[in-house]
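Here's the structure, in structure tokens; my notes come after.
Only the coordinates and a few stated rules stand behind these numbers; no lab work does. Everything numeric here is computed off the predicted structure, so don't read it as measured data. Cβ coordinates were reconstructed from backbone atoms using ideal geometry, including for glycine residues, and neighbour counts include every protein chain displayed.
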Amino acid sequence: MHPRQELKQLTDLLLSDESHWGERRESLQEMHRLFVDLNHFNAYEPAVKVDEEWLPNGCAISPRGAAMCLFEITRTRLFVKGIVSAIHQLLKEQKTRPLQILDAGCGPYALLSLLAAQYFSADEVQFHLLDIHETNIDASKILIEALDMTDQFGSCIIADACTYQWPPALPLHLIITETMLNGLRKEPQVSITLNLSRQLAAGGLLIPEHVAVDLVRINNSIKNKIMQTAIDTGYYGELDFSDCEKKLSSIVTLTKETTVADITRKPLETIMLPADHKPDFHCLQFHTTITVFDKLVMHHSDSSLTLPLHFSQPNKNPMDAGRTVAFHYNTSTNPGIEFEFVN
Ligand SMILES: C[S@@+](CC[C@H](N)C(=O)[O-])C[C@H]1O[C@@H](n2cnc3c(N)ncnc32)[C@H](O)[C@@H]1O
């Protein structure tokens, strides 16, 4: 079978709503094997570059780390589904052909663009790849050539996406960027989004469409009861913790409309801990929700990008009722949410 045919079958299985978790995992493992056969970039090889790069607005993970992202089943699946849906919408709304798409932080397999490209023709869309690591751009080019998909890919750019300027003569219709960790910490998702979104053509789209980080209070006493019941009944399926979670405030929201002023406002939010707050059994966490596109949403704990981030726990940084905390977002080398006590 031609590698392109094989890749299409694996991608169909990954995206299908009928496939189960094990099949999706296997399709990604097979995909990785196929990529390694074609471009020799093996995430597991000891020789593969493992150095992160600290840039002025966040850390670019290593080429090995970027390759490993493929194995995040829910993330990869929802991002590719989201890109395919966004392109369908743009094809309906925009007259220009081909649509111009920038994959900012493409990694060594140009994974998100490559998988989505299979559902469109070169007359409909052109993907442009950008990454800070030359290794990633070189490996992506080899893969695209081996898959005979060069007609769907335009420029390959080695640059910092936080400052990159898209050629003004060409309308930019879609930006894809997955350069984030939970709580929008460490990696430069925020600065990349701020820089590139303002270069979008009218009606252009951003993937992910919406990222929200909320401050949530967890009632450990209720949570422990739910877990104890699961242990007592021997039930280890999906547990519903919604009763023990209470959103206290929205801290950061990131969309294509977000401006530098929105993000750097000080404080972003100020919160007084409610009178019933008990530091010995309440935890405070940042919960990240990623709307990749439309109804394709990753809630907290669906992937490493949305794992809850602890802010205050009974044995670490406990906070009393009535304390007032101010939050702001730092966009410098090590980005993330920061806080200070107001009283
Ligand atoms: C989390 S990986 C995602 C790789 C791939 N897009 C995927 O989804 O599997 C992030 C990628 O963004 C690149 N990157 C991070 N910060 C960047 C920046 N400021 N400019 C350009 N590329 C960057 C990294 O080198 C890495 O390849």
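Okay, here's what the table says:
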read-out: Built amide H within the under 5 Å cut-off of residue 210, gap 5+; value: 291
read-out: Cα gyration tensor shape for segment 80-176, rounded if a/c is under 1.5, else prolate or oblate; value: oblate
read-out: Between segment 85-148 and segment 13-52, the Cα center-to-center distance that results, in Å; value: 18
read-out: Nearby lysines by direct alpha-carbon distance to residue 92 (threshold 22 angstrom, same-chain neighbours under 8 apart not counted); value: 81, 256, 295
read-out: Hull volume in cubic angstrom per residue (convex hull over the Cα atoms of the chain); value: 151
read-out: Positive minus negative residues near residue 228 (Lys, Arg vs Asp, Glu; Cβ under 15 Å); value: -1
read-out: Protection-proxy order for peptides 16-27, 176-187, each taking the mean of Cβ atoms within 10 Å per residue, highest first; value: 176-187, 16-27
read-out: Qualifying chymotrypsin sites (Phe, Trp or Tyr not before Pro) in segment 189-243, DSSP loop, other Cβ atoms within 10 Å at most 13; value: 235, 236
read-out: Positive-end residue, the chain charge dipole about Cα centroid, Cβ charges, pick of 273, 63, 286; value: 273
read-out: Spin-label zone in segment 209-231 - amide nitrogen under 12 Å from a point set 7 Å from the Cα of residue 240 along the C-beta vector; value: none
read-out: Nearest 10 degrees, 0 to 90: helix 73-93 Cα axis against the chain principal axis; value: 60
read-out: For segment 1-113: relative contact order, % (alpha-carbon pairs under 8 angstrom, 6 or more apart); value: 21
read-out: Inter-label distance, nm, simple model (7 Å from Cα along the C-beta direction), residue 146/residue 317; value: 4.3
read-out: Cα gyration tensor, segment 214-334 - rounded (a/c under 1.5), prolate or oblate; value: oblate
read-out: Cα shape, segment 185-250, gyration tensor, a/c 1.5 rule; value: prolate
read-out: Cut-off 15 Å between beta-carbons: net charge of the residues surrounding residue 59, Lys and Arg +1, Asp and Glu -1; value: -3
read-out: Using alpha-carbon coordinates, inclination of helix 21-39 to the longest axis of the chain, degrees; value: 50
